[in-house]
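A.B. asks: Here it is, the structure in full.
Every read-out reported here was derived from the displayed coordinates using simple, explicitly stated rules and does not represent laboratory data. As the structure is a prediction and not an experimental result, all values here were calculated from the model. Cβ placement follows ideal geometry from the backbone for every residue including glycine, while neighbour counts extend to all protein chains displayed.
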Amino acid sequence: MIAEAGLAALWLGAALCVLQLVVAILVVRGDETANGLVRPVAAAQAVLTCLAFGLLILLFVRVDLSVLLVAENDHSEKPFLYRFAGAWGNHEGSMLMWVSILAVAGAAVALLEKRLEERTLIATLGGQAAIGIGFYAFPLFASNPFARLNPSPAEGQGLNPLLQDPGLAFHPPTLYLGYVGLSIAFSFAIGALVTRDVGPAFARAMRPWVLGAWIFLTLGITAGSYWAYYELGWGGWWFWDPVENASLMPWLAATALLHSVTVLATRDGLRAWTVMLAVVAFSMSMIGTFLVRSGILTSVHAFAVDPRRGSFLLALLALYIGGALALFALRVGTVREGSRFDAVSREGALVLNNLLLTVVLGIVLVGTLYPLIAEALSGAKISVGPPYFNSAAGPLALILVAVMGAGPMMRWRREELGVIARRMAPATALVVFALVAVKLVLPPMGLLPFLGLALAFGVALASVAPLWGRNLRRTPLFTYGMVIAHLGIAVSLMGMACDSAFTREKLVAVAVGDSVPVGPFTVKLASVAPNFGENWESMQASLEIRRGNGAMFVLEPQARAYWSPPTETGESAISTRLDGQLYTVLGKQNDDGRWQLRLWWKPFVTFIWLGGALVAIGGALALLGRILRDVRAKKREHEAAYA
Amino acid sequence: MKRAVLLWAPLALFILLATFMVLKLRNPGDQTIPSKMVNTPVPEFALPAAADGLPGVSSAALAGKGPHLVNIFASWCVPCAAEAPQLKAIAEAGVPIVGIAIRDRRPDLAEFLGRYGNPFRAIGADDQSKVQLALGSSGVPESFVIDGKGVIRLQKIGPINPDDVASIIAAVQAAQ
């Protein structure tokens, strides 16, 4: 019954979505009578999709094995959290979740957005409905999450044990919130192109959505990177895997958009470019999803791979991106040019930021697609890895970070080179000092980590510079947001540079009782004993560790075997210090009875994710600051109207 | 004119990319990742018998007796039941098949063999997945063609489908 009700709610939601598109088209073409219908329809649609998704979660929690999707992905012995999260840990459920978030976001625009001109807003909601229809078609026609299974099996087929992790349970929703936020920015761009209303009001309406999407993408990437780091047991934090790139590309585009939308909102410049970026940002999230789900790229992460789904996604992709780009080409010529500005100005720095981000985006896209293109042209199976990405994108990223340090110190429209040089002097001096100090004091390292480390210090200083000489209590919240986000980038860069420069690695086979030095630590393998969990068994090592002559502490890495489905994984054990992490992995037992141990001492590696968190917090503060300012402005308007 | 070219360029680029992807989807490249285990000798192991009336399996027993098909399976694995008729056909073609039962229980295994038939000359009990992992196998079912010298010649990941039977038999004959 529950499954049928869920499917019915989904169909009703889809019908309302079609209605929303039709009404929006009528209104944009000049039919005023239907004007009041769009907003309630958008709200009702959101309620129905949430109902459908809620019912799917209920089926998973109750382990209703008569539903095919539940039988394939659930298991009665699975802990509650993973039964719950299992609802979206698969292709069908994740598409339903996507549709629900999309509908909720559409409803939020319909109910909350008041600044935009009415026709542009309704065109935006029409665009949102057009995207929605495509994604409803997915669960309704191609992969029904509520399909029954007859006869129902006695037990479900479990969930990939690698995916049984609290971090991962919330990783996809975070990324989806980001992608859907970008779809709203995309719809705003469509709405503005349809009514030729590209200006500061449009930018201000779009900005919170871009900012919100960007916060979630930042969180998603940071959490995903940490998850890969501790779960995969390779000690690395970024692998340039297609799936990681699929989440990085929309983030790069969203970062560029976030900055260009500020130029449009504040200075009415970069009109066509901002619209283009809004289209590109959402396109990147769709292309990323397509690459991952269609299986045309081979990836260790690739899941739910099915060529038919690929064709479906590709058709949507062609329709939306192709349509938007055609609309762009037709309409943008008629959009008035925005305000002009000098090359040396805050706008100029933001344009440079945009160009660099776009080039880095291009590098990542080319690197991700290159194995495909090479196989098509020469039949060779190659994989493009860190050597390409690091050497191509790394230097540009460093320049980008340097520009990030300078940009906020410049004034809008026009800035004197001499003035900016004087303002940059402390940070520049710190970079030079750091370069010399690192070269003289620290062990030799590669060029990129060397430059990165020195630059990180200077940029950390430069990023707080916008607060100097200001009344800190009167500084708007979004300025604090920017400062913290930029500081986060510097902190993250510091972590990356330290990790690649100072990591100490040991791969050894040791007998029980033996000791191994790694970095400042001495690690003794005290014992190895079997251990059992809810759905796994493992060999668990007990490592007695001392730092110098300090107190002894114990880490217990495991070599785990899950039995449904049978999979072997290494559970790393990590000790987090103020100045880094000690990372331990237990491998197999050799024939002579010794155990393989992999040990890493990674100084300041935590800064990578700490920086990511700071960036997200900065984004959240900026968003809060914008919202508070809007609320206050509205209040003042209200009071003025009744005074 | 120049501006118009610039405005249409993104769409042109995208159409190019989309066309390429359509071609790629219609004609997906060879997705198989070559096995690292092929052309390496079978790791040394000795497993006790898993079923009454059949011997266990050891790497020493495999060497020097002509090519074998080693099938990694389990009674609790549904695709293993699905590949049983194919294994039977391969056994009837004269290929000696030895099984390695992963984390299985004796009564379950006996019932499995009774229900789906027994194509195996010997079955070893791998209760800790140790041999499975040493063979570079990550799941059940998987099959390995091993030549008379104890060198792995083919690793088949996943169940043997009816289409695969001929190529598996050919691979065993080629390993003579």
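A.B. asks: Going by the alpha-carbon gyration tensor, a ≥ b ≥ c the square roots of its eigenvalues, is chain A rounded (a/c under 1.5) or, if a/c is not under 1.5, prolate (a/b greater than b/c) versus oblate?
C.D. replies: Oblate, since a/c reaches 1.5 and b/c is not below a/b.
A.B. asks: Given the peptides A:515-527, A:421-433, arrange them by the average over their residues of other C-beta atoms within 10 Å, most packed first.
C.D. replies: A:515-527, A:421-433
A.B. asks: Please average, across the residues of B:123-129, the number of beta carbons from any other chain that are within 10 Å of each residue's own beta carbon, and give a whole number.
C.D. replies: 1
A.B. asks: How would the range A:328-469 be classified by its alpha-carbon gyration tensor: rounded, prolate or oblate, with rounded meaning a/c under 1.5 and the a/b versus b/c comparison settling the rest?
C.D. replies: oblate
A.B. asks: To the nearest 20 debye, what is the magnitude of the charge dipole of the range A:345-425 about its Cα centre, counting +1 on the Cβ of each Lys and Arg and -1 on the Cβ of each Asp and Glu?
C.D. replies: Using Cβ point charges on Lys, Arg, Asp and Glu, the range A:345-425 gives about 340 debye.
A.B. asks: Going highest first, how would you order A:442-451, A:192-201, A:485-494 by mean Cβ packing within 10 Å?
C.D. replies: Packing proxy ranking, top to bottom: A:485-494, A:192-201, A:442-451.
A.B. asks: I would also like to ask the following. Taking every residue in B:6-19, how many Cβ atoms of other protein chains lie within 10 Å of its Cβ, on average?
C.D. replies: The mean count of partner-chain Cβ atoms within 10 Å per residue comes to 5.
A.B. asks: Where does the charge balance sit around B:Gln155 when Lys and Arg score +1, Asp and Glu -1, over other residues with C-beta under 11 Å from its C-beta?
C.D. replies: Every neighbour counted, the sum reads +2.
A.B. asks: Then there's this: Give me A:Arg331, A:Arg546, A:Arg346 sorted ascending by neighbouring Cβ count inside 10 Å, so fewest comes first.
C.D. replies: A:Arg546, A:Arg331, A:Arg346
A.B. asks: Starting from 0.36 nm per residue, how many nanometres of slack lie between A:Arg636 and A:Ala437 once their C-alpha separation is accounted for?
C.D. replies: 66.3 nm
A.B. asks: Find the centroid of the Cα atoms in the range B:158-173 and in the range A:1-38, then give the distance between the two in whole Å.
C.D. replies: After rounding, the separation between the Cα centres reads 53 Å.
A.B. asks: About the Cα centre of the range A:26-141, what is the dipole size in debye to 20, counting +1 per Lys and Arg Cβ and -1 per Asp and Glu Cβ, all else neutral?
C.D. replies: 220
A.B. asks: Sticking with this one: With a/c under 1.5 counting as rounded, go ahead and sort the range B:46-174 into rounded, prolate or oblate using the C-alpha gyration tensor (a ≥ b ≥ c being the square roots of the eigenvalues; past the cut-off, prolate if a/b is larger than b/c, else oblate).
C.D. replies: Since a/c stays below 1.5, the shape of the range B:46-174 is classed as rounded.
A.B. asks: A follow-up question, please. For a quick protection proxy, order the peptides A:120-127, A:628-635, A:244-251 by their average other-Cβ count within 10 Å, most packed first.
C.D. replies: Highest mean packing first, the order is A:120-127, A:244-251, A:628-635.
A.B. asks: Also: Evaluate peptide A:320-326: per residue, the Cβ atoms of other protein chains within 10 Å of its Cβ; return the mean as an integer.
C.D. replies: Whole-number average of other-chain Cβ neighbours for A:320-326 is 4.
A.B. asks: Then there's this: Using a Förster radius of 60 Å, what is the FRET efficiency between A:Arg504 and A:Ile373 based on their Cβ-Cβ separation? Nearest 0.05, please.
C.D. replies: Between A:Arg504 and A:Ile373 the formula returns 0.95.
A.B. asks: I would also like to ask the following. Quick check on the exposure proxy: order A:Thr503, A:Thr584 from fewest to most C-beta atoms within 10 angstrom.
C.D. replies: A:Thr503, A:Thr584
A.B. asks: Using label points projected 7 Å from each Cα along Cα→Cβ, tell me how many nm separate A:Ala15 and B:Val38, to one decimal.
C.D. replies: Going from the A:Ala15 label point to the B:Val38 one covers 5.5 nm.
A.B. asks: Separate question: What's the exposure ranking of A:Phe216, A:Phe502, going from fewest to most Cβ atoms within 10 Å?
C.D. replies: Ordered by Cβ neighbours within 10 Å, fewest first: A:Phe502, A:Phe216.
A.B. asks: Considering the options A:Tyr229, A:Ala44, A:Gly30, tell which one lies farthest towards the positive end of the dipole of the protein assembly as shown, charges being +1 on Lys and Arg and -1 on Asp and Glu at the Cβ, about the Cα centre.
C.D. replies: Result: A:Gly30.
A.B. asks: Hey, with R₀ at 22 Å, roughly what FRET efficiency would B:Glu92 and A:Ser152 work out to, going by the Cβ-Cβ distance, to 0.05?
C.D. replies: With R0 = 22 Å, the Cβ-Cβ based efficiency is 0.05.
A.B. asks: Any idea what the dipole of the range B:1-132 comes to, in debye rounded to 20, about its Cα centre with Lys/Arg Cβ at +1 and Asp/Glu Cβ at -1?
C.D. replies: 800
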